[in-house]
Amino acid sequence: MYEIAKLIHLVSAVIFGGVLFVEVVLLPSVKKEFGEDTYKKVEQVIIRKRGIKIVPFFVLMLYFTGFYMFHFHLKTLDLSTTFAKLLLLKVSLALLILVGVITAIVMFLRGKSESKIFDYIHIYAFFLAFSVIILAKLMFIL
């Protein structure tokens, strides 16, 4: 069961991280190159029509499998090891991302997705998610 959870977790992380990458790194170049109107149209199609339908499912899968795997390691976690310290840091950052995701969803539902704070939440989540991905690899290397 653990290996299945790990696979689901990995796929969900790739999708969630990919969406953040598109929003934070790729879409701003559309605005710069083609202007605000074209940017809004592209964002509307990619993020608001498609992304909002599929991303929440993968975020849920990411967190459910993450907590399952954390629980699996928690039984034998030795806090003096590098693995344990990095795992706890990873979980802490993941919880901060979750706060950002929930805030962004609430803002979207209240029609406040045009605010700068909404954009900053995505940048914040992107950099935290990138850090979590790096920590996930370092846990097993260091």
Query raised in the report: Efficiency by 1/(1 + (r/R0)^6): what FRET value for Phe34 and Leu138, r their Cβ-Cβ distance, R0 = 41 Å, to the nearest 0.05?
Result: 0.60
Report summary line: Expressed as a whole-number percentage, the relative contact order of the stretch 2-141 with C-alpha contacts under 8 angstrom and at least six residues apart is 33 percent
**Report entry** In nm, spacing of pseudo-spin labels at Val11 and Ser115 (7 Å Cα→C-beta vector)
**Finding:** 3.6 nm
Query raised in the report: Taking other Cβ within 10 Å of each residue's Cβ, how do Arg48, Arg110 sort, fewest first?
Result: Arg110, Arg48
**Report entry** lysines with Cα under 20 Å of Lys31, excluding same-chain neighbours fewer than 8 positions away
**Finding:** Lys40, Lys41, Lys49, Lys112, Lys116
Query raised in the report: So what's the gap between the Cα centers of the stretch 112-131 and the stretch 53-85, to the nearest angstrom?
Result: 22 Å
**Report entry** GNM result for the chain, Cα springs below 10 Å: residue of Thr81, Thr65, Thr103 fluctuating most strongly
**Finding:** Thr81
Requested in this report: Among Gly35, Gly17, Gly66, determine the one that fluctuates most according to a GNM of the chain built with springs between C-alpha atoms less than 10 Å apart.
Outcome: Gly35
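If you place +1 on the Cβ of every Lys and Arg, -1 on the Cβ of every Asp and Glu, and leave all else neutral, what size is the dipole of the stretch 2-141 about its Cα centre, to the nearest 20 Debye?
180 debye
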Query raised in the report: If the cut-off is a Cα-Cα distance under 27 Å, which lysines reach Lys75, setting aside same-chain residues fewer than 8 apart in sequence?
Result: Lys6, Lys85, Lys90, Lys137
Query raised in the report: When Lys75, Lys90, Lys137 are ordered from fewest to most other Cβ atoms inside 10 Å of their Cβ, what list results?
Result: Lys75, Lys137, Lys90
Report task. Indicate the helices, whole DSSP H runs only, in the chain that combine a mean Kyte-Doolittle hydropathy of 1.6 or more with a Cα extent along their long axis of 24 angstrom or more. Result -> 2-21, 82-109, 116-141
Query raised in the report: By count of other Cβ within 10 Å, fewest leading, how are Asp37, Asp119 ordered?
Result: Asp37, Asp119
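No lab work stands behind these numbers, since they all come straight from the coordinates. This is a predicted model, so every value here is computed, not measured. Please note: Cβ atoms are built from the backbone with ideal geometry, for glycine as well, and neighbour counts cover all protein chains shown.
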